[in-house]
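> The structure follows.
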Amino acid sequence: QVQVVESGGGLVQAGGSLRLSCAASGSIFSINVMGWYRQAPGKQRELVATITKGGTTKYADSVNGRFTISRDNAKNTVYLQMISLKSEDTAVYYCLAADVAGVPNWGQGTQVTVSS
């Protein structure tokens with residue numbers, strides 16, 4: 001079993017920056033893909049960015065060029081550096097750690113609020 005804990009959310013003005021962190025523990029040897037999803041009020045959860053154990057990344061079009069995902073395999077931690085934040089980035093951000101079979105493990109979520 002994998003436990004996932006996020007940190008780093010908060011309130012920021014439009015145009016500002018935030019860095020989210022997510023640490024995985026437990027059966028970490030089975031983790032392949034880690035990443036971030038977000039859910040705004042009244043909307044479905046959507047992909048933000050993912051990164052494989054080998055470093056292959058994938059971004060949503062809406063954040064490409066503004067957000068950067070990175071991973072420290074030794075620390076079982078994934079980061080999301082967010083710059084040029086917009087009000088539409090406001091959401092609860094959830095960390096994902098998926099094992100090699102694709103079974104997802106989710107964190108509890110961290111709130112990101114961008115004020116305009």
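The values are calculated or read from the model by the stated rules, or taken from the named source; none is laboratory data. These figures come from a predicted structure and were not determined experimentally. No Cβ is skipped: glycine too gets one built from the backbone with ideal geometry, and neighbour counts run over all protein chains shown. Ligands, DNA and RNA are stripped out before the accessible areas are found, and what is left, the full protein with its side chains, is counted by its heavy atoms. Shrake-Rupley method; radii C 1.70, N 1.55, O 1.52, S 1.80 Å.
> Short version: ³J(HN,Hα) in whole Hz for each residue of region 76-90, in order, from phi by Karplus 6.51 cos²θ - 1.76 cosθ + 1.60 (θ = phi - 60°), x for Gly and Pro, what are they?
My calculation for region 76-90 gives 6, 10, 10, 10, 10, 8, 10, 10, 6, 5, 10, 4, 6, 7, 4 Hz in order.
> Note down the magnitude of the dipole of region 62-116 about its Cα centre, charges +1 on Lys and Arg C-beta and -1 on Asp and Glu C-beta and zero elsewhere, to the nearest 20 debye.
Values: 4 positive and 4 negative charges, 24 e Å.
Dipole about the Cα centre, nearest 20: 120 debye.
> Leaving out ligands and nucleic acids, and using a 1.4 Å probe, what accessible area per residue does the chain come to in Å²? Provide the component values of the computation, followed by the final result.
Working: 5950 Å² over 116 residues.
Here the residues of the chain average 51 Å² of exposed surface.
> Between Lys53 and Ile83, what is the spin-label point distance in nm, taking each point 7 Å from the Cα along the Cα→C-beta axis?
3.1
> For the chain, give the share of DSSP beta bridges that are antiparallel, in percent and rounded to the nearest 5; count only bridges with both residues there. Walk me through the intermediate numbers first.
On the way: 40 of 45 bridges.
Roughly 90 percent of the beta bridges in the chain run antiparallel, per DSSP.
> Name the residues whose placed amide hydrogens come within less than 5 Å of the amide hydrogen of Gln3, ignoring near sequence neighbours (fewer than 5 apart) on the same chain.
Those qualifying (amide H under 5 Å, at least 5 residues apart or on another chain) are Ser25, Gly26, Ser27.
> What is the set of long-range amide H partners of Gly16 at a cut-off below 5 Å, with H atoms built 1.01 Å from backbone N?
Leu85
> Just to check I understand the Karplus step: with θ = phi - 60° and J = 6.51 cos²θ - 1.76 cosθ + 1.60, what whole-Hz values come out for region 96-112, glycine and proline as x?
10, 10, 10, 7, 5, 8, x, 6, x, 10, 10, x, 7, x, 9, 7, 10
> Which whole-Hz couplings ³J(HN,Hα) result when phi for each residue of region 13-29 is put into the Karplus expression 6.51 cos²θ - 1.76 cosθ + 1.60, θ = phi - 60°, listed in order with x for Gly and Pro?
7, 4, x, x, 10, 8, 10, 9, 10, 8, 10, 9, 9, x, 7, 6, 4
> Sort Val63, Val33 by accessible area with a 1.4 Å probe, largest first.
Values: Val63 0, Val33 40 Å².
So, going from the largest accessible area down, we get Val33, Val63.
> What relative contact order, as a whole-number percentage, does the chain give when Cα pairs under 8 Å and 6 or more residues apart are counted? Don't skip to the answer; put the middle values down first.
Working: 288 pairs, mean separation 42.5, N = 116.
Across the chain, relative contact order equals 37 percent.
> Under a no-solvent Debye model with one identical scatterer per Cα of the chain, what's log10 I(q)/I(0) at q = 0.10, 0.13, 0.14, 0.22 Å⁻¹?
-0.26, -0.44, -0.51, -1.22
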